[in-house]
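Since every read-out is calculated from the coordinates, none of them should be taken as a lab result. Since we're looking at a predicted model, the values are computed, not measured. In this analysis, Cβ positions are derived from the backbone assuming ideal geometry, glycine residues included, and neighbour counts consider all displayed protein chains.
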Amino acid sequence: MNKNIDKDFQPHHISIGVKEMEGNNGKGRIILLPGSNSRAAAISKHFEDLKIVTHSRGHDFYYGHVMSNSKKIDVAVVSSGMGTPSTEIIVTELIKLGAQYILRVGSSGAMNNEIKTGDIVAATGAIRDEKSSEHYFPLEFPAISSIAWINTIEEVAKNLNMKDRVWFGPFHSKASFYGRQFSWGEYGEENTRYMKAVRAFGSVASEMEASMLFIMSQYYSIHAGAICFAIAHDEPAIDAKVFADGTKIVINFAIECVKAMGEKII
């Protein structure tokens, strides 16, 4: 029995209830969590028997199933929105309605010079360079990915002959995009020094959601992971085709991760 489910809980940012989250023989739907509704819609094109529950804030809930070795795996996708405050809201509502397996699917800046644009980065944990998660635990508490997702991602990389394109390590989860990532503003020199240290300590990616997801997954004892396609340059803009190609790569990889996880839990 899922102790996190609150049948009296009324979500304010997604228009679903406990019923829509049910599936996978009591384990609940496997949830994919991109940052934008457009990416959620793109992911949902891989689902069979697709249903959509819209919301005025753009956190539309897409649900259906995927097939793997004749097994029907119940899945769903919804946008977290950008940043840790929005992630905290959406993930809380998902967990209260029954989510037990969540995989973030996003984009990120590469933090290792060997990582190429379009490669996939997979989080083993996250640096908590934000304030939202401090409302749950002090900064001394680490934000750690689920070992179940780490192992699954590694297996998929091997099965797809992509081990040389999938990089594991801590994500850097920040609260400021232009300031922290690109040193804009009056604290530019300080932010440059900070990001240099983050690189030196082995971070593979910089993004804006994973730390909150991991802190919440640990608090509620669920399984959460994160994969992103990497952007390997130091400018805030990226060519539209390059971005589209990277998005397609990470979505296809995520669907294979869902199938592999589903095979294990059903």
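Observations on the structure shown:
- Between Met208 and Lys174, the built amide H atoms are under 5 Å apart, and every one of these is 5 or more places off in sequence or on another chain.
- The GluC sites (Glu not before Pro) found in the stretch 40-134 that occupy coil by DSSP, while having at most 11 further C-beta atoms within 10 Å, are Glu114.
- In this structure, the amide hydrogen of Ile222, modeled 1.01 Å from its nitrogen in the peptide plane, lies closer than 5 angstrom to no residue at least 5 positions away or on a different chain.
- Computed from backbone phi, the HN-Hα couplings of the stretch 86-99 come to 5, 4, 4, 5, 5, 5, 4, 5, 5, 5, 5, 9, x, 5 Hz, rounded to whole numbers (Karplus: 6.51 cos²θ - 1.76 cosθ + 1.60, θ = phi - 60°; Gly and Pro given as x).
- For Lys116, the aspartates and glutamates whose Cα falls under 20 Å of its own Cα, not counting residues fewer than eight places away in the same chain, are Glu154, Asp164, Glu207, Asp234, Glu235, Asp239, Asp245.
- Out-of-range pairs (alpha-carbon distance over 21 Å; input Lys45/Lys163; Lys71/Lys264; Lys158/Lys259; Lys19/Lys51): Lys45/Lys163
- Backbone HN-Hα couplings from phi across the stretch 47-63 [Karplus 6.51/-1.76/1.60, Hz, Gly and Pro as x]: 8, 9, 6, 5, 10, 10, 10, 7, 9, 5, 8, x, 8, 5, 9, 10, 9
- The chain, helix-only ellipticity at 222 nm - DSSP H runs n ≥ 4, -39,500 (n - 2.57), divided by all residues, nearest 500: -10500 deg cm²/dmol
- Phi-based couplings in Hz for the stretch 150-163 (Karplus 6.51, -1.76, 1.60; Gly and Pro marked x): 4, 5, 5, 4, 5, 5, 5, 4, 5, 5, 8, 6, 10, 4
- Exposed loop sites here are trypsin sites (Lys or Arg not before Pro) assigned a DSSP state other than H, G, I, E or B and surrounded by at most 14 other beta carbons within 10 Å; excluding them, the longest clear run of the chain is 132-266.
- Note on Lys27: aspartates and glutamates with a C-alpha under 16 Å away, same-chain residues under 8 apart excluded, are Asp6, Asp74, Glu263.
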